[in-house]
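Asks: One structure, pasted below without further comment.
The values are calculated or read from the model by the stated rules, or taken from the named source; none is laboratory data. All values derive from a computational prediction rather than experimental measurement. Please note: Cβ atoms are built from the backbone with ideal geometry, for glycine as well, and neighbour counts cover all protein chains shown.
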Amino acid sequence: MPGPVLAVDQGTSGTKALVVCPERGVIGSGSAPVRPRYLPGGLVEVDPAELYGSVVEAGRRALAQAGEPVVALGLANQGETVLAWDPGTGEPLTDALVWQDRRAETVCAELAPHADELRYVTGLPLDPYFAAPKMAWIRRHLTRNGVVTTSDAWLVHRLTGAYVTDAATAGRTQLLDLDRVDWSPAALDVFGLSGEHLPQVVDAGGHFGTTTVFGGDDSSRRNGRGNGGEIPLTGLLVDQQAALLAQRVTEPGGAKCTYGTGAFLLAHTGSTPRRGTSGLVSCVAWRLGGQTSYCLDGQVYTAASAVRWLTDLGVISGAADLDPVGSAVPDAGGVTFVPALAGLAAPWWRGDLRGSLTGLGLDTTPGHLVRALCEGIAAQVVELADAAAADLGAPLTALRVDGGLTRSTLLMQTQADLLQLPVEVAELPDATALGVAAVARLGLDPSLTIDEALPARRPAAVYEPRISAGEAAERLAGFRAAVATLLDRAPV
């Protein structure tokens, strides 16, 4: 089997890179921070140069730690983050509007009469979370110049000069025909984007160009030593679908949840799209060898970002405090936290809502707040799992999980308790990078099967429910009542 591959996961708050060897596993890793700007009115933006710089820095650090050449590069991306840029020079023309950004609500309100049509064609509800409303907003308010795309197309162009996006990322725009897996003229027309020069939609694995940006000095680049030389880019996949692949959810019925900046539950639905009625998104999981797999997708907008919010308030000093602080009390003490700090996503799709914190008293401690936050995140994931089961027509039997917050025993046990199912934690939290490493390997060697390209899956831990179904239902009822109060109070 060919040698190691460099897998780069460009995320919201940072970029993680792994050098993955098929025999020895992860032999090098590197990371670099990204600092989005959270502005009043639900605006979230980031300097594109910071995105690109973090990719180069993380990749170089991983290669330096590995100390040996790689045979291919895979790149995962945030999905719905967009910017305008000059295709001639590669220079950004705007800041990047991050997936959490809500400024395109005005576009969505104007296009509300087309919501049902868009949902049927693209599988996605009309919401500023997706790329097309942001792209239309940029064209209306910032610039008509250059091209406007998701961040992956710009990063790939900077790395290789190619102008492509993988089918799953294209599916996050609300411009992709879900059945044909190509740009939809009808959707483009609705958003006023018919004249745009969009990137070519490609498989997740293939030869997309080469890059030398991860190399060290000229000598190392020529000889292919250490920091890489000329590396072919052979893998592209949006982040959550890459994690779904890494968790080996490759057949209908399985589901995974990634706990990162947000929490994202995906359930595989097979070779045809399933347009459910429970509020989940129907989208492309990946296209490999010209064959498309589909999935259902549900989102919790704030998970680690809610932990950061609690940290910024001084309640805890960081995510590592979740377990010791939360374990200082036996329960949430009657506190209910709906952490809709960037709105409620699936299955409600009310991005205009704000979070709520109720049941506070003079006896409320930081531990109660931490437990209430963990319950609030976990309860939203239960809503997504229930919606997936309804659309699939069968209950889930377990949930495979990954991401940085899976290090919290308190959160994972709370998830198992409220879900009333086993929660299987991935051995490595960096499932997205491992998934894009697999598609890079498939792009390099199409004779491989998906199973051969993926690393062996060994759960690091399995959390079983420790409370009764009745107690879980009672705690969920309290959360749902708090959500209902928010829905009743907010204007539609």
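Asks: Restricting to the range 229-251, count the residues that are at pLDDT 85 or above and part of a loop (DSSP other than H, G, I, E, B).
Replies: Within the range 229-251, residues that are at pLDDT 85 or above and part of a loop (DSSP other than H, G, I, E, B) number 6.
Asks: For the range 37-51, which positions are surrounded by fewer than 20 Cβ atoms within 10 Å (Cβ to Cβ) and either in contact with a Phe, Trp or Tyr (Cβ under 8 Å, 6 or more places away or on another chain) or on the phi < 0 side of the Ramachandran plot (or both)?
Replies: Listed by number, the residues that qualify are Arg37, Tyr38, Leu39, Pro40, Leu43, Glu45, Asp47, Ala49, Glu50.
Asks: Another question about this same structure. So Asp101 ticks every box in (1) touching a Gly at 6+ places or on another chain (Cβ under 8 Å); (2) surrounded by fewer than 24 Cβ atoms within 10 Å (Cβ to Cβ) but one. Which box is left unticked?
Replies: Result: Asp101 fails condition (2) only.
Asks: Moving on. Go through the residues of the range 329-344 one by one and say whether even a single one is outside any strand (DSSP E or B), within 25 Å of Phe130 (Cβ to Cβ) and of a type in the set (A, V, I, L, M).
Replies: yes
Asks: Here's a follow-up. Is the range 373-386 home to any residue that is in contact (Cβ under 8 Å) with a residue 24 or more places away in the chain, part of a loop (DSSP other than H, G, I, E, B) and in contact with a strand residue (DSSP E or B) (Cβ under 7 Å, 6 or more places away or on another chain)?
Replies: no
Asks: Part of a loop (DSSP other than H, G, I, E, B), aliphatic (A, V, I, L, M) and in contact with a His (Cβ under 6 Å, 6 or more places away or on another chain) - does that describe any residue in the range 299-317?
Replies: Looking through the range 299-317, none of the residues is part of a loop (DSSP other than H, G, I, E, B), aliphatic (A, V, I, L, M) and in contact with a His (Cβ under 6 Å, 6 or more places away or on another chain).
Asks: Also, I was wondering about something else. Can you find a residue that is over 30 Å from Gln65 (Cβ atoms), modelled with pLDDT of 95 or more, surrounded by fewer than 24 Cβ atoms within 10 Å (Cβ to Cβ) and of a type in the set (Ser, Thr, Tyr) anywhere in the range 207-228?
Replies: No, because not a single residue in the range 207-228 is over 30 Å from Gln65 (Cβ atoms), modelled with pLDDT of 95 or more, surrounded by fewer than 24 Cβ atoms within 10 Å (Cβ to Cβ) and of a type in the set (Ser, Thr, Tyr).
This table checks each residue for (1) more than 21 Å from Ala346 (Cα to Cα); (2) in the same structural domain as Thr397 (by TED's automatic domain parsing).
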| position | (1), (2) |
| --- | --- |
| Thr258 | no, no |
| Ser282 | no, no |
| Arg287 | yes, no |
| Gly290 | yes, no |
| Ser305 | no, yes |
| Leu313 | yes, yes |
| Pro324 | yes, yes |
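Asks: Within the range 277-298, which residues are assigned to a loop (DSSP other than H, G, I, E, B) and surrounded by 24 or more Cβ atoms within 10 Å (Cβ to Cβ)?
Replies: Within the range 277-298, just Leu280 meets the criteria.
Asks: Do you know which residues across the range 306-334 are buried (at least 22 other Cβ atoms within 10 Å of the Cβ) and either on the phi > 0 side of the Ramachandran plot or more than 26 Å from the chain's Cα centre (by Cα) (or both)?
Replies: Selection gives Gly326, Ala332.
Asks: Let me confirm something: among Glu91, Glu110, Glu196, which residue is closer than 29 Å to Val56 by Cβ, of a type outside the set (Phe, Trp, Tyr) and without any contact (Cβ under 8 Å) to a residue 24 or more places away in the chain?
Replies: Glu91
Asks: Oh, and also: If we only count strands (runs of 3 or more DSSP E) wholly inside the range 1-98, which ones have 3 or more residues that are β-branched (Val, Ile, Thr) and assigned by TED's automatic domain parsing to the domain that holds Asn145?
Replies: Because the criterion is at least 3 residues that are β-branched (Val, Ile, Thr) and assigned by TED's automatic domain parsing to the domain that holds Asn145, the strands (runs of 3 or more DSSP E) in the range 1-98 that meet it are 14-21.
Asks: May I ask you to verify whether Ala186 is closer than 22 Å to Gly74 by Cα and among the small types (Gly, Ala, Ser)?
Replies: No.
Asks: Let me ask something additional. Output yes when any residue across the range 3-13 is at pLDDT 95 or above, of a type outside the set (Asp, Glu) and surrounded by fewer than 23 Cβ atoms within 10 Å (Cβ to Cβ), and no when none is.
Replies: No; the residues of the range 3-13 include none that is at pLDDT 95 or above, of a type outside the set (Asp, Glu) and surrounded by fewer than 23 Cβ atoms within 10 Å (Cβ to Cβ).
Asks: Can I ask one more? With respect to Gly343, is the statement that it is in contact with a Gly (Cβ under 6 Å, 6 or more places away or on another chain) and more than 27 Å from Leu266 (Cβ to Cβ) true?
Replies: no
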